[in-house]
Amino acid sequence: MATKDSLVAMLGKANVIDDPKVLASYAESHSFDLHFAPWFVVKPKNAEQVEEIVKWANKTKTPLVPVSSTGVKLRGDSVPSVPEAVTVDLSGMKKILNVNRQQRMVVVEPGVTYDQLNAELAKKNMVIPGSLKPKKGQSVVTDVIEAVPRLNPMIQWNFFDPLRCVEVTWGDGTRMFTGEALAGPRDLKTQWSRQQWQVQYMGPWITDYYRLITQAQGSMGIVTWASLKAAVKPQVHQLYLAEADDLTELESFVYKAMWTRFPDEIFILNRAQAANIMGKDAGEIMQLKEVLPPWIVAVGVAGRELIPEVRFEARSKDLIDIAQTNGLDLKEGVANLSGRALYQEITKEDTGGTYWKDVYMGSHQNVFFLTQLEKTPVFLKAVREIAQDLGYPTEDIGVYIQPKHLGSSYHMEFTFPYDPNSAAAEARVLDLSEAVSVAAADLGGYFSRPYGKWAGIQLNKDAQSLMVLKKLQGIFDPNDVMNPGKLAV
């Protein structure tokens, strides 16, 4: 029988929390799915303690829910879906274990945030490829493992770049390295002394174990370090912007720009999402929506250490020419929005106050999936029609489109702000997000990150794959202790 005393014996009294107010905070989420407060919150300090916790959970049949980020929980994947679970809070594991400038590799624990990591990388003129305006306290490791889109898809040589190797304790309590790191010995300092830098993600042999933990919502195991591919920090950089009245006007330019491989960042925003990013309060967001163009494509151009100005100038001119041949005017700003100001906002952590998508109305819901760029207008039309039918103002819908993996697929994201103090508004957004999710799936949208009800929508399309997934979970987590109720439910 599981007891608090057994956890205290492992971790110390200060690292086992049962204060009801604290427990309640770990159950709060923007997701509408059913959640429970955890039984305890435990805060391990190292991989050995994580391994011990997982073995204890198997012995006592206690569910575990790993969480690495602090602050508001956006998707519901890190809050318990079953009662009497123990939340394993890894946010205190904040060590940057190694930075290698020559290989551009960094090894970090799961509690390391973007601001913390980039401050350290800046000392060696490097930066970690980031996602769009991450929340304050966002774990870099979690962001990468959950395949949150990178702003720069050109350096994603596989779908999960910049992720390479990890240390993971599987659901059965087995702790191992993956990829190149598994060649051993199981000591990072010794590997580094032998010029092994955890660069190669593949393996061991023909099995890429790291794929089992990606987009799995902590349902396979707990990662205690990850090696990530960093980038050289630009010496010259400009985020160019071009505007359009219709989404279809941007398609040809984006495809041709991606083909050249000249951009760094490249993504599309509608005016509502751009206003959400730049607005400091509801009033400013409303003002921005009055003046910003309907659609904006942002294209970053960088020059790095070797002849940075020459590279920057040549690529800038070529992309401006490509834009002109496709009927767009690529420049340093549109309306009263400059590319430099937008770049500053999207590449730094949120302020730590109200999450940026909640500033306008107080809360929000997201629906996102993968598709191809030429199909995005079809999804946009369907979403607008559903919103109109439900009485939701279409002008408030934020849209963000991000190429992934060298443009092999496109992340399409809809944001629906709403007033959480209005029961009617909350009910309308719940109906809207569910209807949009079903419609997106019917139109061919792929929920590669199947949170909550999306798991049923996506996985039930393919009974064979669902059977394989459940069998794999049974192998790596035979007692179903890892975040039960998520993914293959």
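Points to keep in mind about this one:
- Counting only residues that are in a strand (DSSP E or B) and either touching a Ser or Thr at 6+ places or on another chain (Cβ under 9 Å) or over 14 Å from Gln365 (Cβ atoms) (or both), the stretch 391-429 holds 15 of them.
- Where Val144 falls short, out of the listed (1) under 22 Å from Lys73 (Cβ atoms); (2) among the β-branched types (Val, Ile, Thr); (3) open to solvent by 10 Å² or more (accessible area, probe 1.4 Å): (3)
- Meets criteria (assigned by TED's automatic domain parsing to the domain that holds Ser433 and buried (at least 20 other Cβ atoms within 10 Å of the Cβ)) for Tyr360: yes
- Residue within the stretch 409-426 that is touching a residue at least 24 places away in the same chain (Cβ under 8 Å), among the polar types (S, T, N, Q) and open to solvent by 60 Å² or more (accessible area, probe 1.4 Å) present: yes
- The set of residues from the stretch 281-306 being at pLDDT 95 or above, open to solvent by 50 Å² or more (accessible area, probe 1.4 Å) and out of contact with any Leu (no Cβ under 9 Å at 6 or more places or on another chain) comprises Asp281, Glu284, Met286, Gln287, Glu290.
- Any hit, the stretch 187-197, residues being open to solvent by less than 10 Å² (accessible area, probe 1.4 Å), part of a loop (DSSP other than H, G, I, E, B) and out of contact with any strand residue (DSSP E or B) (no Cβ under 9 Å at 6 or more places or on another chain): no
- Pair list, Cβ under 6 Å, 6 or more apart: the stretch 90-110 residue under 29 Å from Val65 (Cβ atoms) and among the small types (Gly, Ala, Ser), other residue open to solvent by 10 Å² or more (accessible area, probe 1.4 Å) and in a loop (DSSP other than H, G, I, E, B): Ser91/Ser68; Ser91/Thr70; Gly92/Lys43
- Scanning the stretch 35-60 for residues that are of a type outside the set (S, T, N, Q), surrounded by fewer than 18 Cβ atoms within 10 Å (Cβ to Cβ) and closer than 24 Å to Pro20 by Cβ yields a total of 0.
- Taking residues in the stretch 327-346 that are more than 19 Å from Val291 (Cα to Cα), and partners anywhere that are surrounded by 15 or more Cβ atoms within 10 Å (Cβ to Cβ) and of a type in the set (Val, Ile, Thr), the pairs with Cβ atoms closer than 7 Å and at least 6 places apart or on different chains are Ile346/Ile277.
- Criterion: within 22 Å of the chain's Cα centre (by Cα) and either of a type in the set (Gly, Ala, Ser) or closer than 16 Å to Asp321 by Cα (or both) - qualifying residue of Gly283, Gly300: Gly300
- Evaluating Glu332 against the criteria (1) open to solvent by less than 40 Å² (accessible area, probe 1.4 Å); (2) touching a helix residue (DSSP H, G or I) at 6+ places or on another chain (Cβ under 6 Å); (3) not polar (S, T, N, Q) leaves one unmet condition, (1).
- Where Pro129 falls short, out of the listed (1) within 18 Å of Lys348 (Cα to Cα); (2) touching a strand residue (DSSP E or B) at 6+ places or on another chain (Cβ under 9 Å); (3) assigned to a helix (DSSP H, G or I): (3)
- Tabulated pairs, the stretch 358-372, first more than 16 Å from Ala435 (Cβ to Cβ), second among the β-branched types (Val, Ile, Thr), C-beta under 7 angstrom, 6+ apart or interchain: Val359/Ile285; Tyr360/Ile285; His364/Thr415
- Residue in the stretch 460-469 that is under 26 Å from Gln372 (Cα atoms), in contact (Cβ under 8 Å) with a residue 60 or more places away in the chain and part of a helix (DSSP H, G or I) present: no
- Test result for Tyr446, under 25 Å from Met361 (Cα atoms) and among the hydroxyl-bearing types (Ser, Thr, Tyr): no
- Boolean, Gln388 is over 30 Å from Ile277 (Cα atoms), in a helix (DSSP H, G or I) and out of contact with any Phe, Trp or Tyr (no Cβ under 7 Å at 6 or more places or on another chain): no
- Cross-chain or 6+ apart pairs with Cβ under 6 Å, the stretch 53-79 first and within 16 Å of Trp39 (Cα to Cα) and assigned by TED's automatic domain parsing to the domain that holds Gly111, then among the β-branched types (Val, Ile, Thr) and open to solvent by less than 50 Å² (accessible area, probe 1.4 Å): none
- Any hit, the stretch 473-482, residues being within 24 Å of Ile386 (Cα to Cα), touching a strand residue (DSSP E or B) at 6+ places or on another chain (Cβ under 8 Å) and crowded, with 18+ Cβ neighbours inside 10 Å: no
- Breaking point among (1) more than 24 Å from Trp225 (Cα to Cα); (2) touching a Phe, Trp or Tyr at 6+ places or on another chain (Cβ under 9 Å); (3) in contact (Cβ under 8 Å) with a residue 40 or more places away in the chain; (4) of a type in the set (Asp, Glu), for Asp18: (3)
- When residues of the stretch 95-132 are limited to those that are in contact with an Asp or Glu (Cβ under 6 Å, 6 or more places away or on another chain) and not aromatic (Phe, Trp, Tyr), the one least open to solvent (accessible area, probe 1.4 Å): Ser131
- Hits in the stretch 222-260 (condition: among the small types (Gly, Ala, Ser), touching a strand residue (DSSP E or B) at 6+ places or on another chain (Cβ under 6 Å) and open to solvent by 10 Å² or more (accessible area, probe 1.4 Å)): Ala231
- Beta carbons closer than 8 Å, at least 6 apart along the sequence or on distinct chains, pair a first residue in the stretch 150-174 that is on the phi > 0 side of the Ramachandran plot with a second that is of a type in the set (Val, Ile, Thr) and buried (at least 21 other Cβ atoms within 10 Å of the Cβ) for Gly173/Val54.
The values are calculated or read from the model by the stated rules, or taken from the named source; none is laboratory data. Remember, it's a predicted structure, so these values are computed and weren't measured experimentally. Cβ sites come from the backbone with ideal geometry, for glycine too, and all protein chains shown count toward neighbours. Side chains included, ligands, DNA and RNA excluded: accessible areas come from the protein's heavy atoms. Shrake-Rupley method; radii C 1.70, N 1.55, O 1.52, S 1.80 Å.
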